[in-house]
Amino acid sequence: MSLGSPFGTADDASAVASTNVTRAGVIVVASSGNNGANQYITGSPATGTGVISVAANDANSGFPGATMAISTDGSITAQNSNGAAFTNGTVLPVAVLRDSYPNGSVSLGCTDADYTNYPGGVAGKLVVTLRGTCSRVGRAIRAEQHGAAAAAMLNTDTGYPPFEGQITSDPDTGFQFTVTIPFFGVRGVLASTTSDSSKLAGADTNTPPGPAGTVTLTNTSIANPNRSGFASFSSSGPRTGDSWLKPDITAPGVSTFSTLVGSGNGATAMSGTSMAAPHVAGVAALVKQAHPTWNQVQEWKAAIVNTGNPSAIVGSSSYRTSRGGTGLVQPIGAVNTNVIALGDTDTSTLNFGFSELNANFSQLKKIKLRNKGGSPATFNISQTNAAGSPHSISLGSSSVTIPAGADTTVNVTLNVPVATVGDSNGSGLSFREVAGLITFTPSGGSNNGVTLRVPYYLVPRALSGVNATMATFVTTGSPTTNANLSNPSGPTTGNADFYAWGLNDVKDAGTNPADVRAIGVQSFPFGTNQALVFAVNTWNRWSNAATNEFDIYVYVNPAANDGDDYIIVGADQGAVQTGTSNGRMAAFVFSTRSPGATANFFATAPTDSSTALLPVLSSQLCRAGEPCLSGANPRLTYHAVSFDVTSNFADVVAGTAKYNAYSSSITQGDFVTVPQGASGAVPITITPAEWAQTPALGTMIVTLDNKAGKQEAALLPLELRP
């Protein structure tokens, strides 16, 4: 199957249905998804426990290319993504499609209007668009239909986009059209001013006052630096919710040629895990044919997953267990094995799941080896491909012999020292995992020489135990007290990050990760700006923060009382900017009075956590002709709503809060490291005059390494009394 949605869970309806189908005797193979390498974004229904989830790798050795000599900025090498012919020395004007002219953002090129709106038209030019939302090849189709001589797509990461081969249709619509003009893929992100994408975008014919930009084309070839590596789009695991290992196996999925529906005898090339899954479905048919007396789907599945080869994933994006299971599918090994290895609930993996650690981790699991052949099989047992946080494996034995037609069990104990797991205090995801393979190498000619592998997998989160206490009131005559910090129980160091506590909300029924508990804000000078950071703490743990959306409505001129001016949105960066989720939360600012948005920072929102920090700049809360946050107008009022983007859950956070971004009414912004066993005090002062205008509920102290939920944010109420 090639369908589904990102952030897949075990209990997604499609995943449950797919697992039920496997129990009815059908081998189910599904694409893992095309949302990239960030964690927990692998999709359902492939997340079903009984399903074989397939990641994609790139099997291409190289691609045709073009050297583009740019009249305004040197030269770049682009990929000729459809291999269309062109003559060396061809000179083309550059037409960069934009949302508005002359200086708007580069357009995605997903509608005909993008091409017809270009001043002077695109006929005879190299049309430049940005990757995102619609099918890649749809840009080439629309460019040729509007008379362009060539099309170029700027990529959204540092590598080249997938090679397409001959383009004969648009997969979004099914529209049949054979593209004859070159379709170039350009590497590098626009955020880098020196990238190839930026150089080409800067050559826009229609950008005054510079000269008309042109490119001169020369044929070349490009070696594939990621040959046999994971495809950049292939979705990474583990499974959202319980951190179960997915995907299970990997197969080629970049520029894969197959029959073109409706063409008679034509072919087409496409990229995606949708191209990888059919490889494994074909292997499944061969395995079932080779072993017709086997009668359980889990056994056929194990023959495929056990025989994956991690060493075959060797490109620039090399093997990782949570990205591609046991490695590249091996049809010969899957067909020839007579022994299978089964782990948890008779799957092909040892899943240790997710664990918050107050002490060293140690857990025993068992692998069942089943010999379906007619002679004994002997294997040497070892741990291989260990990765992630430091850990060790204790095996019940170093070798095993399984009699014909019998089962034998091997004990496997995973040991993880809590002191070396790693913390959550870095920016972005700060993801920690423990992964590797238990490898069974045949000896004496056993099992037709086929090696078996069972992956083991754990997502650990080492905890600090930072506590905070404070007096409940101060007086106008003595407006200072202490926040007392200690870390008596946590095995790791924790950091205490101080915010002016503005909002709190009751716990809703259930365990939804978008259920907001509290929101606070801190601010500090940042160059010529004032930086503001909103801390959003939820009642429940998320796997990936990007499954949530946090909307903070702000009006920056409270005296006017004319409604919200801006919305600070914590949301999936890919979903907002390209229409495709990528599992990384960013902090966007939208105006309620004009279109568009700005985003200067990713959120600090660790995986398996419950607190997101959304940084914005005062300049983002200021647009020409609109209310502005500034030193002369420093106060704001805010309220909030949250959503779970994978369900219909929404939470309207109670109340509103006020804050002075340039002179807070209460101490905030302190950042204190609290080692294990340490304690200390931080002075907290209320400024009575400002408190009268922008009072807080008290102090909110965020510790990202505390236990997820309410322990990640200490809420210390404080009153000002006469």
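The values are calculated or read from the model by the stated rules, or taken from the named source; none is laboratory data. Because the structure is a prediction, the values reported are computed rather than measured. Note: ideal-geometry Cβ built from the backbone for every residue, glycine included; neighbour counts use all protein chains shown.
Pairing each residue of the range 46-58 that is without any contact (Cβ under 8 Å) to a residue 40 or more places away in the chain with any residue that is assigned to a loop (DSSP other than H, G, I, E, B) and hydroxyl-bearing (S, T, Y), provided the two are 6+ apart or on different chains, yields no C-beta distance under 6 Å. Residues that are on the phi > 0 side of the Ramachandran plot, over 19 Å from the mean Cα position of the chain (by Cα) and touching a residue at least 24 places away in the same chain (Cβ under 8 Å) within the range 236-269 comprise S255, G262, listed in sequence order. Looking at the range 33-51 only, could you name the residues that are of a type in the set (G, A, S) and in a loop (DSSP other than H, G, I, E, B)? Within the range 33-51, G33, G36, A37, G43, A46, G48, G50 meet the criteria.
Taking strands (runs of 3 or more DSSP E) that fall entirely within the range 236-293, which contain at least 3 residues that are closer than 30 Å to N544 by Cα?
Counting at least 3 such residues, we get 249-252.
One residue stands out among those in the range 73-97 that are crowded, with 16+ Cβ neighbours inside 10 Å and polar (S, T, N, Q): the one that is farthest from V179 (Cα to Cα), which is T77. Kindly indicate whether A575 is in a helix (DSSP H, G or I), out of contact with any strand residue (DSSP E or B) (no Cβ under 6 Å at 6 or more places or on another chain) and among the small types (G, A, S). Taking the combined requirement at face value, the residue satisfies it. Figure legend. Inter-residue proximity from the range 125-154: first residues modelled with pLDDT of 95 or more and surrounded by fewer than 24 Cβ atoms within 10 Å (Cβ to Cβ), second residues part of a strand (DSSP E or B) and among the aliphatic types (A, V, I, L, M), beta-carbon distance below 8 Å, spacing 6+ or different chains. Indicated pairs: E144/A151; H146/V127; A149/L92; A149/L126.
Within the range 405-418, is there a residue that is within 23 Å of S318 (Cα to Cα) and either in a loop (DSSP other than H, G, I, E, B) or not small (G, A, S) (or both)? No. Among the residues of the range 475-505, the one identified as exposed (fewer than 15 other Cβ atoms within 10 Å of the Cβ) and either under 34 Å from the mean Cα position of the chain (by Cα) or charged (D, E, K, R) (or both) is S489. Looking at the range 204-231, which of the residues that are at pLDDT 90 or above and under 30 Å from N103 (Cβ atoms) is surrounded by the most Cβ atoms within 10 Å (Cβ to Cβ)? The residue in question is V215.
Does the range 524-567 hold any residues that are in contact with a Leu (Cβ under 9 Å, 6 or more places away or on another chain) and without any contact (Cβ under 8 Å) to a residue 12 or more places away in the chain, and which are they?
To start, the set of residues in the range 524-567 that are in contact with a Leu (Cβ under 9 Å, 6 or more places away or on another chain) comprises 524, 526-527, 529-537, 544-545, 550, 552, 554-558, 565-566.
If the condition is that a residue be in contact with a Leu (Cβ under 9 Å, 6 or more places away or on another chain) and without any contact (Cβ under 8 Å) to a residue 12 or more places away in the chain, then G527 is the only one that fits.
Across the range 170-186, the qualifying residues are those that are at pLDDT 95 or above and assigned to a loop (DSSP other than H, G, I, E, B), and the one among them that is surrounded by the most Cβ atoms within 10 Å (Cβ to Cβ) is P182.
From the list S389, S399, S382, S394, which residue is among the hydroxyl-bearing types (S, T, Y) and closer than 30 Å to W542 by Cβ? That would be S389, the only listed residue that is among the hydroxyl-bearing types (S, T, Y) and closer than 30 Å to W542 by Cβ.
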